[in-house]
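Right, one structure below, let's go through it.
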Amino acid sequence: MKKIFKTYFLLLILGLIVFSSVGLAQDRKIKLEEYTRQLKEWQEREASARALMAEEQKKILALKNEVETIEHEIAAVWNEIYILLGADEDGLKGYSEDLADLGEQVEGLRALSPEELLTRQDEVDGLRKRLGELKKDKRSLLTEFGEELDLTADLLHQMKVKAPQSRNEYYMVIRGDCLWRISGKQHIYNDPYKWPRIFSANRDQIKDPDLIYPDQRLLIPRELAANEHLVVRNEWLAKIAGYAGVYGDPFKWTQIYEANRNQIWDPNIIYPEQILTIPRD
């Protein structure tokens, strides 16, 4: 009996071992099939990705070629522009810097009060002249430069409007008038000794201060321009030229004399109330 039981037990263990071996083999087979399937799937995806990369690289190469072509075309156009404007890249850069410098100066004056602007009209006129010169340059034909010039011109116009208008007025000569009498009128200067002001302001039509004619329209100056000087007592040309606000150099008196020879007959003699033009460089 014991022998039979022992034999039965051994057969049972053997059966379990065989069953387990078959199960493990089947499990290994399933895992190998799954791995093979996934490997094939990843290989297909890799192949697809490589194909897409190759296609994109072709597109990138085509775009690079297109960019190079466009750059060559742009360079050719700029060469034509340089020839048209008579300038090169450095020339355009220099012109741009000139525009920027002009703009900065205009902005600086624009910040002044109207009264200060009136006393510095010579500077405003100088900037306006410089703007005109820049406009004459062929380089102004470039759109970006043209727009900047227009903006600067607009700012200069705003400054002109901002500055107070001159209070100068006109007087129509009547029979019996003379500069002495006109200057002495209450609504003019109420001081006959100020007649040289009227003479100085009308040198274009008064050659002899003793000779004026009915219906002459005379300018009556109420204020001085930025490039004018009103002579006061005990002044002479060298003294005026030596003022810091004039030339700061008395030896430049000859410039004042040359600019006012139509009212100064002797450089050693000038009179109070004369309005002298001060030429600026």
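What follows draws every value from the coordinates through simple rules; no lab data is involved. Since the structure is predicted, the reported quantities are computational estimates derived from the model, not experimental observations. A quick note on method: Cβ atoms are made from the backbone with ideal geometry, for glycine too, and the neighbour counts reach across all protein chains shown.
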Exercise. Counting other Cβ atoms within 10 Å, which GluC sites (Glu not before Pro) in the range 144-238 have at most 12 and lie in a DSSP loop?
Worked result: 223
Exercise. Summing Lys, Arg as +1 and Asp, Glu as -1, what charge do residues with Cβ under 12 Å from the Cβ of residue 153 carry, residue 153 excluded?
Worked result: 0
Exercise. For the chain, what is the calculated [θ] at 222 nm in deg cm²/dmol (nearest 500), taking -39500 (n - 2.57) for each run of four or more DSSP H residues and dividing by its residue count?
Worked result: -21000 deg cm²/dmol
For this session: Can you tell me the 0 to 90 degree angle between the C-alpha axis of helix 143-162 and the longest principal axis of the chain, rounded to 10?
Result: 40
Problem set entry | Viscosity 1.567 mPa s, temperature 4 °C, Stokes-Einstein D of the chain from Kirkwood C-alpha radius, µm²/s | 46
Exercise. GNM on the chain, C-alpha springs below 10 Å: top fluctuator among 58, 93, 239?
Worked result: 58
Problem set entry | Length released on extending from residue 133 to residue 160, taking residue separation times 0.36 nm less the Cα-Cα span | 7.8 nm
Seminar exercise, completed: GNM on the chain, Cα springs under 10 Å; top mean-square fluctuation among 240, 70, 182 goes to 70
For this session: Give, as ranges by residue number, the residues of the range 259-280 whose backbone N falls under 20 Å from the point 7 Å along Cα→Cβ of residue 207.
Result: 259-266
For this session: Could you give the size of the charge dipole of the chain about its Cα centre, using +1 on the Cβ of each K and R and -1 on the Cβ of each D and E, expressed in debye and rounded to the nearest 20?
Result: 1740
Exercise. If we count every other residue with Cβ under 12 angstrom of residue 136's Cβ, Lys/Arg +1 and Asp/Glu -1, where does the sum land?
Worked result: +3
Exercise. In degrees, nearest 10, range 0 to 90: what is the angle between the Cα axis of helix 2-85 and the longest Cα principal axis of the chain?
Worked result: 20
For this session: Diagonalise the Cα gyration tensor of the range 169-277 and give the resulting equivalent ellipsoid semi-axes, square root of 5 times each eigenvalue, largest first, whole Å.
Result: 27, 14, 12
Problem set entry | Farthest toward positive dipole pole in the chain [+1 Lys/Arg, -1 Asp/Glu at C-beta], among 54, 213, 92 | 54
Exercise. Which of rounded, prolate, oblate describes the range 32-129, given a ≥ b ≥ c as roots of the alpha-carbon gyration tensor eigenvalues and a/c under 1.5 marking rounded, otherwise prolate only if a/b is larger than b/c?
Worked result: oblate
For this session: Report the chymotrypsin sites (Phe, Trp or Tyr not before Pro) located in the range 180-229 that are in a DSSP loop and have at most 13 other Cβ atoms inside 10 Å of their Cβ, or state none.
Result: none
For this session: Treating each Cα of the range 87-162 as an identical point scatterer and ignoring solvent, apply the Debye formula and state log10 I(q)/I(0) at q = 0.21, 0.26 Å⁻¹.
Result: -0.87, -1.21
Problem set entry | 0 to 90° range, to nearest 10: angle between helix 89-110 axis and the chain longest Cα axis | 60
